[in-house]
């Protein structure tokens, strides 16, 4: 089976590529080739038993995308996106990448003789909600940000294309992924990773929301597991509804800090200071904090592990590289 | 106030243009000019006290659309669309007109110094539902057809653009509009108008569904009233949610036939024969048959009149022209 990862240089794309290289197969099918496509030239993971092509290109350019999805491709994992803060700052860029990019993916898939499975990353940002609501599986997407609107449009496009047999899509509305490696950024959600990552690096950081603030999270490893399940699952039971709210975890900031203390000790916990920020609290307070995710569980998507387990995995897998990257 | 109607040669566009020409104002604002734009050159209505420009062009061509929405335009009524049967038959045409057309409208509106009101016609076809459900105002749009998917994408785009202040949109999910003048066509919903129009023309027609079949309808005049209300209303109370389910009417086929008999006599009713068609019943059976429409009523959208009233209006306003057009 031939696979393409669009956004293959990104945080999740590179991690998925490494997992595929290691596994050598997807479900019970051997992987015969992998294409990694991104704006910046992706790096091929080590140790794959199959050939890996790395391509740099623009996701909104149909010719580049067609080159990344050659005849015989059985799976396209479409992670290429302009994320929330960037799509909010530059409407045209977000529309170009998140909408026209997905249109280019559809066009490339339609040129294949056999319609491929497409795993699309949508987002909880495509919902409203707020702190006190548990969103049902049939909750409406009423996004309060351009990123979420563009992702919801992409879902509609791929859902309709699936109904028509042009491709076979599964859209995963990913929770906030923690712990992200790297550094704090200007995203309103940056603190959700920072309050765990920075103390483990020995650095101070601030908590802009009350400890009671709830957020719907998943770990990078869980996201990869969901991608792999979505890539290999029987899509028959989905019918025309191709959008999945996978079983993330609602945790409060306080619970995250307790897990930090359990794993990193009181000294790590002490590096996080409360610094209420009304602007950030207002933005993130409108995000959905919990989903029922009943359908996803029934469809075999695995449950997010607890925060302590997630933190120990970050320490084992990502902490050293993050330290090196940041010169710590 | 300067107004543009995109789709100005269509059934509803021409009727709206005539109403505006007659009224001379919108709410308490005088109309200073009207542009009618369509693929086929629209005809200007008679008797307007303001200048009317008629333009032929492609809604998916940004240059043509920009010419139709000149600086100073305060209201754009965007009715240009490829309808359900055509969008299902030709996916690319539907996407081009219904999605890229709406993108071109957004681009043209962003070029205006003052963001215009945009009244967008979406459709009940953007929902699933079925016969036994009353859809709440926050029901999810999970379309089972390309037309509905493209309309829902357009709604998301215009909702986000409204939130960003690029324009000020109201999207009306129109019910099945009856009685359409003209002739029966291949749309699965064609019978909903045909069972009323054809007998009034003295022609036989068939009913492909049981008399218990329910459908969510509105009259052409009610649709125009809703357009005018959406054009002049205060959009502040809408918040980010720019989609409106206006207060149509759920009627059964049996109730329509009873109204036909009341208005046209038993001879008219006798021209409709039951000819069950499982294929048509399967398609239309998945459409939503009723909406709560609570929010629209609170926002001042007027209630659809009963079928007898609607039929008498058709006879008074459209029957003679329909006879002439069809050589009867």
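The values are calculated or read from the model by the stated rules, or taken from the named source; none is laboratory data. Computed from a prediction, not measured in an experiment: that's the story for all the values here. Cβ sites come from the backbone with ideal geometry, for glycine too, and all protein chains shown count toward neighbours.
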Residue in the stretch A:218-232 that is under 24 Å from residue B:240 (Cα atoms), modelled with pLDDT of 95 or more and either within 13 Å of chain B (Cβ to nearest Cβ) or crowded, with 19+ Cβ neighbours inside 10 Å (or both) present: no
Failed item in (1) within 14 Å of another protein chain (Cβ to nearest Cβ); (2) touching a helix residue (DSSP H, G or I) at 6+ places or on another chain (Cβ under 7 Å); (3) surrounded by 20 or more Cβ atoms within 10 Å (Cβ to Cβ); (4) in a loop (DSSP other than H, G, I, E, B), with residue B:142 passing the rest: (2)
Options B:36, B:55; residue that is at pLDDT 95 or above, crowded, with 23+ Cβ neighbours inside 10 Å and assigned by TED's automatic domain parsing to the domain that holds residue B:150: B:36
Out of B:111, B:107, sole residue that is in contact with a helix residue (DSSP H, G or I) (Cβ under 8 Å, 6 or more places away or on another chain), over 24 Å from residue A:161 (Cβ atoms), modelled with pLDDT of 95 or more and facing chain A (nearest Cβ under 10 Å): B:107
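Check B:65, B:118, B:76 and return the single one that is in contact with a helix residue (DSSP H, G or I) (Cβ under 8 Å, 6 or more places away or on another chain), away from chain A (no Cβ under 14 Å), closer than 19 Å to residue A:149 by Cβ and surrounded by 24 or more Cβ atoms within 10 Å (Cβ to Cβ).
Numbers: B:65 fails: closer than 19 Å to residue A:149 by Cβ; B:76 fails: closer than 19 Å to residue A:149 by Cβ.
So the residue among B:65, B:118, B:76 that is in contact with a helix residue (DSSP H, G or I) (Cβ under 8 Å, 6 or more places away or on another chain), away from chain A (no Cβ under 14 Å), closer than 19 Å to residue A:149 by Cβ and surrounded by 24 or more Cβ atoms within 10 Å (Cβ to Cβ) is B:118.
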For residue A:184: the one exception among (1) free of Cβ contacts under 8 Å to residues at least 60 places away in the same chain; (2) within 14 Å of chain B (Cβ to nearest Cβ); (3) farther than 25 Å from residue A:300 by Cα: (2)
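Being farther than 26 Å from residue B:165 by Cβ and away from chain B (no Cβ under 14 Å) is true for just one of A:171, A:193. Which residue is that?
Numbers: A:171 fails: away from chain B (no Cβ under 14 Å).
From the options A:171, A:193, the qualifying one is A:193.
Please specify each residue of the stretch A:77-100 satisfying the condition of being in contact with a strand residue (DSSP E or B) (Cβ under 8 Å, 6 or more places away or on another chain) and either closer than 13 Å to residue A:154 by Cβ or not assigned by TED's automatic domain parsing to the domain that holds residue A:157 (or both). First the steps, then the outcome.
As a first pass, look at the stretch A:77-100 and keep what is in contact with a strand residue (DSSP E or B) (Cβ under 8 Å, 6 or more places away or on another chain): A:77-81, A:84.
Once the filter is applied, which keeps residues that are in contact with a strand residue (DSSP E or B) (Cβ under 8 Å, 6 or more places away or on another chain) and either closer than 13 Å to residue A:154 by Cβ or not assigned by TED's automatic domain parsing to the domain that holds residue A:157 (or both), the stretch A:77-100 yields A:78, A:79, A:80, A:81.
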Meets criteria (in the same structural domain as residue A:208 (by TED's automatic domain parsing), under 20 Å from residue A:196 (Cα atoms) and at pLDDT below 95) for residue A:281: yes
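Within the group A:131, A:150, which residue is more than 7 Å from chain B (Cβ to nearest Cβ) and within 17 Å of residue A:87 (Cβ to Cβ)? Explain how you work it out, then say what you get.
Values: A:131 fails: within 17 Å of residue A:87 (Cβ to Cβ).
It is A:150.
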Yes/no for residue A:298 being within 22 Å of the chain's Cα centre (by Cα) and either touching a residue at least 12 places away in the same chain (Cβ under 8 Å) or within 27 Å of residue A:229 (Cβ to Cβ) (or both): yes
